[in-house]
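Trainee: Shown below is the structure under consideration.
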Amino acid sequence: YNNSIGPEGAQALAEMISENVLPALDQLGGLSLNEHLDVMRLPQELQGASNKDILKFLRERAKDGGGIRMAVAKVVLVGPPWAGKTSMIHCLKTGQFLKDRTMTDGIVVTSLEVSAGGDTIEFLFYDLGGQEAYQTT
């Protein structure tokens, strides 16, 4: 395939396709949709699938109400000052422990998306400051 629209054009087209699947797209040439599964938020099981199969999957998903179902879990972290609540969240997101950290003032909400088996869950961490003033929150 000789894709003359380039990688940016291919990604833009993949985004449009994921939002509106048109019948004429069955004959796509020069573009492999399975290279843009992440943009279309499609399961990795479609890796290696043909454009026709990916479009069929999108049409079936649209018949079932479309959209992307994503679970959300809210996690409230409470504890005494300097217990490591913020450092734990940072470690979950980056894999590195945060050593030099100022104390959290108020509430900080941090989002972390985790994908497994084609499903995605978003964790919303509510990091409450440990100061005495916030202990009644």
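The values are calculated or read from the model by the stated rules, or taken from the named source; none is laboratory data. Small disclaimer: the values here were computed from a predicted structure and weren't measured. Cβ sites come from the backbone with ideal geometry, for glycine too, and all protein chains shown count toward neighbours. These accessible areas exclude ligands, DNA and RNA; they are computed on the full protein's heavy atoms, side chains included. Shrake-Rupley method; radii C 1.70, N 1.55, O 1.52, S 1.80 Å.
Trainee: Do we find a residue being assigned to a loop (DSSP other than H, G, I, E, B), open to solvent by less than 60 Å² (accessible area, probe 1.4 Å) and under 30 Å from L42 (Cβ atoms) anywhere in the range 75-93?
Mentor: No: zero hits.
Trainee: So, V109, is that one over 25 Å from E8 (Cβ atoms), aliphatic (A, V, I, L, M), modelled with pLDDT of 85 or more and loosely packed, with under 11 Cβ neighbours inside 10 Å or not?
Mentor: Judged against the criteria, V109 is a match.
Trainee: Next question. If we keep just the residues of the range 112-137 that are more than 22 Å from A71 (Cβ to Cβ) and either loosely packed, with under 11 Cβ neighbours inside 10 Å or β-branched (V, I, T) (or both), which is modelled with the lowest pLDDT?
Mentor: The extreme case among them is T137.
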